[in-house]
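Comments concern the structure below.
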Amino acid sequence: MPSPIPIFDGHNDVLLRLFNKQSSRVEQLFLDGENDGQLDFPRAIRGGFAGGMFAIFVSSKDEIGDVNELMRGESYDIPLPGMLSAEAALPAALAMASILFRIERRSNGRFKICRNAKEIRSCLAADVMAAIMHIEGAEPIDAELNALDVLYQAGLRSIGPVWSRSNIFGHGVPFRFPSTPDTGPGLTELGKNLIRACNERRIVLDLSHLNAQGFWDVARLSDAPLIATHSNAHSVCPHARNLTDSQLAAIRDSGGMIGINFATCFLRPDGQVETKTGLDVLLRHLDHLIQHVGIECIGFGSDFDGAKVPDPIGDVSGLGNLRDALSSRGLSDAVLRKLCHENWINVLERTWGE
Ligand code: ZN
């Protein structure tokens with residue numbers, strides 16, 4: 001049997017899941033596999049998951065609870081947590097970066113933190129899992145951006161300026177349904193500095209948790225392709241987290257990218273967290289995106305370990321069912337390769353300026 005087309009993925013939260021275990025040797029749990037969460041090494045191999053963006057995300061769960069549990073009812077609007085200072089966020093961010101380094105170190109060459117597209121391509125060719133260090137919510141970075149330089153040298157290649165909670169760089173989009181993404185002010189002056197600093201260093205700017213104002217602030221300021229690592233089409237699911245057709249057009253015109261998010265609340269037209277969801281709804285987003293941005297600008301952004309995903313996928317080992325659903329749609333292998341990894345690697349290459 002030919003091996004499956006590898007999937008390079010725009011977003012996962014496994015580092016946070018491992019960090020929350022508050023124990024040492026979590027890197028070994030990841031590498032050996034465990035019956036917990038949605039992503040670990042052995043299940044990733046079974047699912048043909050070739051790597052992706054590994055998010056460092058400092059959570060406010062203690063303050064507001066689990067967002068996935070709170071999104072209930074026909075309509076909802078989850079209160080967002082208060083701001084987190086860099087002093088509070090940086091130690092947790094460093095701990096998650098350290099977990100990523102430890103996974104690489106103990107992997108016997110099976111897992112690599114990649115800093116350019118050439119390294120990602122080599123990893124895919126050699127069956128080595130390729131990880132990109134990403135920060136979701138720039139709270140760990142100080143106003144002077146000193147931490148940005150240090151983290152860049154450590155391997156950071158992608159930043160979402162805000163998760164949904166506000167920070168010194170801007171205001172994010174709430175978990176609100178139904179709602180447009182136009183929910184308030186966007187970037188602050190410090191946020192605009194951060195955009196320029198990321199452009200200068202050619203760090204990816206992830207738009208997924210920005211509100212409409214923030215999105216258009218980045219679109220105006222940034223000279224890089226517009227990338228939303230884990231978002232869906234607002235026309236199919238009117239969640240505030242999803243992208244309107246005019247945002248999709250801007251992404252297309254910039255030569256950017258959208259990673260389709262597997263979270264059922266961003267897939268289903270009723271916005272519900274409900275794992276009893278078929279992949280037909282994911283294909284509806286795909287169809288809409290093909291129409292509005294074209295095949296070249298679409299990939300996947302699973303949100304594994306950060307979201308409730310459809311049962312037919314379940315966890316990373318179930319990616320085969322996604323491939324089957326795509327093939328049954330009549331998509332050729334050449335198109336599948338684009339969706340599964342080539343588009344992601346190409347847009348990262350364009351952004352990083354190799
Ligand atoms: Zn996210």
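The values are calculated or read from the model by the stated rules, or taken from the named source; none is laboratory data. Computed from a predicted structure; not experimentally measured. Every residue, glycine as well, gets a Cβ built from its backbone with ideal geometry; the counts of neighbours run over all protein chains shown. Ligands, DNA and RNA are stripped out before the accessible areas are found, and what is left, the full protein with its side chains, is counted by its heavy atoms. Shrake-Rupley method; radii C 1.70, N 1.55, O 1.52, S 1.80 Å.
Assuming a viscosity of 0.890 mPa s and a temperature of 25 °C, what translational diffusion coefficient in µm² per second does Stokes-Einstein assign to region 202-350, Rh being the Kirkwood radius over Cα pairs? It comes out at roughly 161 µm²/s. Using the Karplus curve 6.51 cos²θ - 1.76 cosθ + 1.60 with θ = phi - 60°, work out ³J(HN,Hα) for each residue of region 283-290 in order, rounded to whole Hz, and write x for Gly and Pro. Here the 3J(HN,Hα) series is 5, 5, 5, 4, 4, 4, 5, 4 Hz. When the residues Thr180, Thr244 are ordered by accessible surface, computed with a 1.4 Å probe over the protein chains alone, the sequence from largest down reads Thr180, Thr244. Summarising the amide proton neighbourhood of Ser158: residues at separation of 5 or more, or on other chains, whose placed amide H is nearer than 5 Å comprise Ile135, Val204. Note on surface exposure: Leu84, Leu70 rank Leu70, Leu84 by accessible area, highest first, 1.4 Å probe. Near the amide H of Ile298, under 5 Å away, which other amide H atoms are found, from residues 5 or more places off or on another chain, if H is placed in the peptide plane? Distant-sequence amide H within range of Ile298: Ile258.
In region 180-251, one over the average inverse separation of all distinct C-alpha pairs is 12.3 Å, which is the Kirkwood hydrodynamic radius. Here region 155-231 has 48 percent of its accessible surface on carbon and sulfur atoms, given a 1.4 Å probe and all protein chains in place.
Label separation (Ala249 vs Asp287): 2.2 nm, computed from points 7 Å beyond Cα along the C-beta direction. Estimated from the Cβ-Cβ distance and a Förster radius of 56 angstrom, the FRET efficiency linking Asn321 and Glu189 is about 0.75.
Roughly how big is region 80-208's charge dipole about its Cα centre, with Cβ charges of +1 (Lys, Arg) and -1 (Asp, Glu), in debye to the nearest 20? Kindly include the intermediate steps, with their values, before the conclusion.
Numbers: 15 positive and 13 negative charges, 125 e Å.
Taking the Cα centre of region 80-208 as origin, the dipole is about 600 debye.
Here is how the number arises for the chain: DSSP H runs of 4 or more residues each give -39500 (n - 2.57), the sum is divided by the residue count, and the result at 222 nm is -11000 deg cm²/dmol. In the complete set of protein chains, residue-level accessible area for Val236 is approximately 10 Å², probe 1.4 angstrom. When the chain is fully extended, how far beyond the present Cα-Cα distance does Arg220 get from Asp32, taking 0.36 nm per residue of separation? Taking 0.36 nm per residue and subtracting the Cα distance, the gain is 63.2 nm. Length gained on full extension, Ala88 to Glu349: 90.6 nm, using 0.36 nm per residue less the C-alpha separation.
Amide H to amide H, with H built 1.01 Å from N, Gly52 comes under 5 Å of Asp9, Ala130, Ala131, Ile132, counting only residues 5 or more places away or on other chains. Taking +1 at the Cβ of each Lys and Arg and -1 at the Cβ of each Asp and Glu, which of Ile251, Gly48, Ser24 sits farthest along the dipole of the chain towards its positive end, judged by Cα position relative to the Cα centre? Ranked along the dipole, the leading option is Gly48.
Overall shape: oblate for region 5-107, with the ratio a/c of the largest to smallest alpha carbon gyration tensor axis at 1.5 or above and b/c at least equal to a/b. The spacing between region 104-135 and region 279-347, judged by their C-alpha centroids, is 21 Å. Using 30 Å as the Cα-Cα cut-off, could you pick out the over-long pairs in Lys21/Lys118; Lys61/Lys118; Lys112/Lys308; Lys61/Lys276; Lys308/Lys338; Lys118/Lys276? Long pairs (Cα-Cα over 30 Å): Lys21/Lys118; Lys61/Lys118; Lys118/Lys276.
Counted over region 95-233, the DSSP beta bridges are approximately 25% antiparallel. Summed over all non-identical Cα pairs, the Kirkwood treatment of region 121-264 gives a radius of 15.5 Å. Surface listing: Glu274, Glu189 arranged by accessible area from highest to lowest gives Glu189, Glu274, probe 1.4 Å. Computed from the C-alpha gyration tensor, the three semi-axes of the ellipsoid equivalent to the chain are 26, 24, 21 Å, from longest to shortest. Only bridges whose two residues both fall in the chain count here: according to DSSP, what percent of them are antiparallel, nearest 5? Of the beta bridges lying entirely in the chain, close to 15 percent run antiparallel.
Between the C-alpha center of region 1-75 and that of region 173-203 there is a gap of 24 Å.
For Ser23, the accessible area of its heavy atoms, probed at 1.4 Å with every protein chain present, is near 60 square angstrom. Against the compact-protein benchmark of 2.2 N^0.38 Å, the Cα-based radius of gyration of region 81-178 scales to 1.24. Among the protein heavy atoms, those of Asp36 account for about 70 Å² of accessible surface (1.4 Å probe, every chain in place).
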